[in-house]
1. Identify, by number, the condition in (1) more than 27 Å from residue 192 (Cα to Cα); (2) surrounded by 15 or more Cβ atoms within 10 Å (Cβ to Cβ); (3) of a type in the set (Ser, Thr, Tyr) that residue 416 doesn't meet.
2. Could you say whether any residue in the stretch 66-84 is under 23 Å from residue 256 (Cα atoms) and surrounded by 24 or more Cβ atoms within 10 Å (Cβ to Cβ)?
3. Within the stretch 200-215, can you find the residues that are surrounded by fewer than 19 Cβ atoms within 10 Å (Cβ to Cβ), touching a strand residue (DSSP E or B) at 6+ places or on another chain (Cβ under 7 Å) and in a loop (DSSP other than H, G, I, E, B)?
4. Among the residues of the stretch 216-253, count how many are more than 20 Å from residue 264 (Cα to Cα), in contact with an Asp or Glu (Cβ under 9 Å, 6 or more places away or on another chain) and either free of Cβ contacts under 8 Å to residues at least 24 places away in the same chain or not in a loop (DSSP other than H, G, I, E, B) (or both).
5. In the stretch 190-212, is there at least one residue being farther than 30 Å from residue 70 by Cβ, in contact with a Pro (Cβ under 7 Å, 6 or more places away or on another chain), modelled with pLDDT of 95 or more and assigned by TED's automatic domain parsing to the domain that holds residue 417?
6. I need the full set of residues from the stretch 403-439 which are of a type in the set (D, E, K, R) and either touching a residue at least 60 places away in the same chain (Cβ under 8 Å) or not assigned by TED's automatic domain parsing to the domain that holds residue 99 (or both), in order please.
7. Take residue 163 and tell me if it is modelled with pLDDT of 95 or more, in the same structural domain as residue 368 (by TED's automatic domain parsing) and either crowded, with 16+ Cβ neighbours inside 10 Å or at positive phi (or both).
8. Which residue is surrounded by the most Cβ atoms within 10 Å (Cβ to Cβ), if the candidates are limited to the stretch 1-37 and must be of a type in the set (Asp, Glu) and closer than 21 Å to residue 303 by Cα?
Amino acid sequence: MAKVTFIGAGSTVFAKNLMGDILSFPELAKSTITLFDVNQERLETSKIVAEKVAAAVGAKPKIEITTDRKKALKNADYAINMIQVGGYKPSTVIDFEIPKKYGLRQTIADTLGIGGIMRALRTIPVLLDMQRDMEKVCPDVVHLNYVNPMAMNIMALRRASPIMSVGLCHSVQGTAEQLAGDIGVPIEEINYICAGINHVAFYLKFERNGEDLYPKIAEVARRNNKDIPKRWDDLSDVVRYEMFRRLGYFVTESSEHFSEYSPWFIKEKHPELIEEFEIPLDEYPRRCVNQIARWEQVRKEMEDPNSTLEVHRSHEYGSLIIHSMETGTPRVVYGNVPNNGLIENLPQTAIVEVPCLVDKSGLQPTKIGNLPPHLAALMQTNINVQALTVEAILTGKREHIYHAAMLDPHTSAELTLDQIWNMTDELLEAHGEYIPAQLRKAA
């Protein structure tokens, strides 16, 4: 049976969902599940949860835990990565509070912008070290990465290592489900094709039985902002519907995310935009605080020997990839992979998010051709930042960090060149040893 290693298994709730997905397949019910984390206490909780998940679905896996990463990866067939380097404190706090001093506000700061750049600088070196372990102890592993900044991570990993790494997100299928709800059409009846880059991919086709459903989405978009449907988490989607009005296509990632990938919504000199577009500034720190406050209660509930866990299949792609590769069952999932001709009017070195056939032969990405030119142009502004950040990490050239920040759409719309460079210096110093030494040293 397959060996599946969870890296960062202390992310107990997410690990629970993925384990439930995997072990719900009868063909995977006797897999080896190896849980790795640097936090022994959280690891113990995740082991208890794994045992309860197995019991709930009637599976009999072999469950292992370890704080030794190389041991966890030895002979792994699949590695599911869900780490976060630096955590809420100190790193997330630094990523939000220092830019605020310069008048740069953010919402999530994990994918692009100065927060995304800093997250890449402290995450990618850890991932590269991890892949060096994989090359030694499980060279044929399929590395399923859920860690942000997705495109930057996969770009660096695929450039630096032969390990098969694919980036997995839930924004494509999650947004499709949400749109189906917005227009009142069951998701099971909808056929769509989506393509672009992670978090800035667009539905090129959204149909039911050959009928174009974009006119129904346009009906929703014509409503007043206050009447645009809220999401499941009660956050607004006004930004995405505004972009649909302007671009003619609907973007995958949430409104709070997209507002900081572009120069148009979060502007210190136009605070009225924050209210008009219902943008939740500092949203990610707020989520972190709430999760930390709830963790002890969640842990107690999960560890309670008298409690059982309910397992419901999630919409994550990880288990589907594993099942298809193990059984040969063909499926289409969305993965983040090197472009290599898949989208002709984006850089060939970019990481693109496209439909992929998966079966015993692995993941086979779909060639899309040309995107509508205005969508490709929008994506290029993000790719510039991704490529320069990765270049800084792989070459050790600190100047490319400044260049990435200078070309970031949101940062460049708000700050002067001097402010961008001074802010970058301050952030690099504040993150300290989380940043590689050669990038911390000013020229």
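1. (2)
2. Within the stretch 66-84, the first condition is being under 23 Å from residue 256 (Cα atoms), and the residues that meet it are 82-84.
Next, only the ones that are surrounded by 24 or more Cβ atoms within 10 Å (Cβ to Cβ) stay: none.
Looking through the stretch 66-84, none of the residues is under 23 Å from residue 256 (Cα atoms) and surrounded by 24 or more Cβ atoms within 10 Å (Cβ to Cβ).
3. Those that are surrounded by fewer than 19 Cβ atoms within 10 Å (Cβ to Cβ), touching a strand residue (DSSP E or B) at 6+ places or on another chain (Cβ under 7 Å) and in a loop (DSSP other than H, G, I, E, B): none in the stretch 200-215.
4. So the count comes out to 4.
5. Within the stretch 190-212, the first condition is being farther than 30 Å from residue 70 by Cβ, and the residues that meet it are 190-197, 199-212.
Checking which are in contact with a Pro (Cβ under 7 Å, 6 or more places away or on another chain) leaves us with 193.
Filter once more, keeping what is modelled with pLDDT of 95 or more: 193.
This time we only want the ones that are assigned by TED's automatic domain parsing to the domain that holds residue 417, so: 193.
So far as the stretch 190-212 goes, yes, one or more of its residues are farther than 30 Å from residue 70 by Cβ, in contact with a Pro (Cβ under 7 Å, 6 or more places away or on another chain), modelled with pLDDT of 95 or more and assigned by TED's automatic domain parsing to the domain that holds residue 417.
6. Correct list: 408, 414, 426.
7. Working: modelled with pLDDT of 95 or more: yes; in the same structural domain as residue 368 (by TED's automatic domain parsing): no; either crowded, with 16+ Cβ neighbours inside 10 Å or at positive phi (or both): yes.
Judged against the criteria, residue 163 is not a match.
8. If we filter the stretch 1-37 for residues that are of a type in the set (Asp, Glu), which is where we start, we get 21, 27, 37.
Okay, now just the ones that are also closer than 21 Å to residue 303 by Cα, so 21, 37.
Working: 21: 24, 37: 26.
Here the answer is 37.
The values are calculated or read from the model by the stated rules, or taken from the named source; none is laboratory data. Quick caveat: nothing in here was measured; it's all calculated off a predicted structure. Neighbour counts are summed over all protein chains in view; Cβ atoms, including those assigned to glycine, are modelled from backbone coordinates with ideal geometry.
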